[in-house]
1. Could you tell me the center-to-center distance, by alpha carbons, between the stretch 27-83 and the stretch 109-127 in angstrom?
2. Membrane-span-like helices in the chain: DSSP H runs reaching 30 Å or more (Cα, own axis), mean Kyte hydropathy at least -1.0?
3. Just from the alpha-carbon atoms, what are the Rg and Dmax of the stretch 133-192 in angstroms?
4. In percent, what relative contact order does the stretch 1-155 have, based on Cα pairs under 8 Å that are 6 or more apart in sequence?
5. Working out 0.36 nm times the residue gap between V9 and N95, then minus their Cα-Cα distance, what length gain in nm do you get to one decimal?
6. Towards the positive end of the charge dipole of the stretch 1-67, with charges on Cβ (+1 Lys, Arg; -1 Asp, Glu), say which of G57, M4, A47 has the farthest Cα.
7. Can you give the calculated 222 nm mean residue ellipticity of the chain, where each DSSP H run of n ≥ 4 adds -39,500 (n - 2.57) and the sum is split over every residue, rounded to the nearest 500 deg cm²/dmol?
8. What does the highest-first list of 174-180, 90-96 look like by mean Cβ count within 10 Å?
Amino acid sequence: MLLMVLGLVVFLGTHSLRLRGNALRNGLITRFGKKGFKGLYAVLSLAGFAAVVVGFGLARDTPVLLWMPPAGLRHLAFLLMALALVLLAAAYVPNNGIRARLHHPMVLSVKVWALAHLLVNGTLAHVVLFGSFLIWSVLLFSASRRHDRQQEVVYPPGTRKATALTVVLGVLVCVVFIAWLHGLLIGIRLVA
């Protein structure tokens, strides 16, 4: 569990540089140069992510049950994951209306992903992992929206075609992930 917590601190810490504006990030870029900053950022992010993955795997071997989720929440989690993956697609598909309306769909995707997993997992390791990502995403989304207002950022309106493509891609990825990839990558089959 300690390895996972340390990994979360490093991974989420590196991804939290903009929570209080750009001063810290800009200071690091000045100190290390743009390439040096990007290299350090990448190394820390990968090291943190690796520690989270290994630490979570070890923590799953000796689970500490905090609560037993009701079986019915699984269906809600599937719906939330479809939403999370549509939001993730919205971060990448150009000119979609979801990004135009919500502004930071990837952070919202993480928020919905974390919530969905908290609903259906009641062990200490799951609560720490997904709870950390949920808290981080709430704070980052709030800071990002505040930054947008201060900088008077205007997002171009999306097109219907791009928005439809975003929804279709998100739902397709969700179906593939639930039917096959979750079992392959995470080791837990969601459907038999």
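Read-outs throughout are calculated quantities, based only on the coordinates presented, and are distinct from any laboratory measurement. The shown structure was predicted, so the numbers you read here are calculated from the model rather than taken from an experiment. For neighbour counting, all protein chains shown are included, and Cβ atoms are generated from backbone atoms with ideal geometry for every residue, glycine included.
1. Distance between centres, Cα-based: 11 Å.
2. Helix filter hits for the chain: 23-61, 124-151.
3. 17.2, 49
4. 29 percent
5. 27.6 nm
6. Going by the Cα projections, it comes out as A47.
7. -25000 deg cm²/dmol
8. Listed from highest to lowest mean packing, they are 90-96, 174-180.
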